[in-house]
Amino acid sequence: MNSEGMKDATSTGVSTENESSKVSKVTLIAAIDQNRVLGKDNQLIWHLPEDLKRFKRLTTGHAIIMGRKTFESLPKALPNRHNIVVTRNQNYSKEGITVCHSVKDALECAKDDEQPFVIGGGQIYEQAIGLADVIELTEIHSQFEGDVFFPKINLKEWSIEKEQRMVHPDFEYSFITYTKK
Ligand SMILES: NC(=O)c1ccc[n+]([C@@H]2O[C@H](COP(=O)([O-])OP(=O)(O)OC[C@H]3O[C@@H](n4cnc5c(N)ncnc54)[C@H](OP(=O)(O)O)[C@@H]3O)[C@@H](O)[C@H]2O)c1
């Protein structure tokens, strides 16, 4: 990690001619309940307009990496973003997306972006959390029934950089930015 919390492109931080000199801040972005529930029946559970606005504001102009199931839960590729979809299906193809076959390949595809976002779902967060520098989490202080979960955040590895408490008619929630120690 360098002083800005970004990963160096090489282990020494010195790049050679054949290696990218680009550093990127890999960011997971998710909304979870207090038990880390992410969704149910391949859909989001809650409707939080402020969270959707924040998601759009943070991700617009960037690469967004998602699992095939999350992509198929959307009406179409999200505009003004480089949509990268991870699947094991070698024949997968849809309009407006780049297809990759692992999270590492997806990050390689996004290497020109200084802040690629991993936008879910559960399987992809699980595989990406160890590669991430930042987690932008919306934590809803309530409980929902769900079938997909965000991985546990180990507070020995992550620190809270920012926290903003929000209110909704039915529950409170917080926008929390975690950075890798
Ligand atoms: N609350 C939130 O912030 C949030 C955000 C995003 C999603 N979600 C929710 O999360 C749920 C979907 O999550 P999910 O865990 O079921 O699915 P997912 O992570 O979106 O996608 C899983 C799919 O990704 C592909 N995949 C996973 N690992 C791979 C690997 N190592 N190599 C190649 N392909 C790989 C596979 O696609 P193939 O089967 O095609 O091979 C797999 O079926 C939905 O309920 C959605 O609404 C919530």
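Coordinate-derived values only; no laboratory data. Please read these numbers as outputs of a predicted model, since none were measured by experiment. Note that we place each Cβ from the backbone using ideal geometry, even for glycine, and neighbour counts take in every protein chain shown.
Annotations
- Mean-position separation - Cα centroids, the stretch 40-82 and the stretch 166-181, in angstrom: 18
- Put a dot 7 Å past the Cα of Val167, heading toward its Cβ, do the same for Tyr92, and the two dots end up 4.2 nm apart.
- Sites Glu157 and Glu114 - FRET efficiency at Förster radius 25 Å, r taken between beta-carbons, to 0.05: 0.65
- Entry note, the chain: relative contact order of 28 percent, from Cα contacts under 8 Å with a spacing of 6+ residues.
- Taken one residue at a time, the phi angles of the stretch 65-73 give Karplus couplings (6.51, -1.76, 1.60, θ = phi - 60°) of 10, 9, x, 4, 5, 4, 4, 6, 7 Hz. Gly and Pro are set to x.
- Its Cα centre serving as origin, the chain has a Cβ charge dipole (Lys and Arg +1, Asp and Glu -1) of approximately 140 debye.
- Sites Arg57 and Gln34, calculated FRET efficiency, Cβ-Cβ separation with R0 41 Å, nearest 0.05: 0.95
- Beta bridges per DSSP with both ends in the stretch 27-180, % antiparallel, nearest 5: 50
- Among His62, His82, His101, residue whose mean-square fluctuation peaks in a GNM of the chain (springs only between Cα atoms under 10 Å): His101
- Between His168 and Tyr173, the built amide H atoms are under 5 Å apart, and every one of these is 5 or more places off in sequence or on another chain.
- From least to most packed, judged by other beta carbons within 10 angstrom and beginning with the fewest, Tyr92, Tyr125 follow the order Tyr92, Tyr125.
- Here the residues Glu50, Glu136, ranked from fewest to most Cβ neighbours within 10 Å of their Cβ, fall in the order Glu50, Glu136.
- Potential lengthening between Leu131 and Lys181 on full extension [0.36 nm per residue; Cα-Cα distance subtracted]: 16.7 nm
- Gain in span if fully extended, Gln123 to Phe144, counting 0.36 nm per residue against the direct Cα distance: 5.6 nm
- Share of Cα-Cα pairs in the stretch 27-180 lying beyond 19 Å, as whole percent: 52
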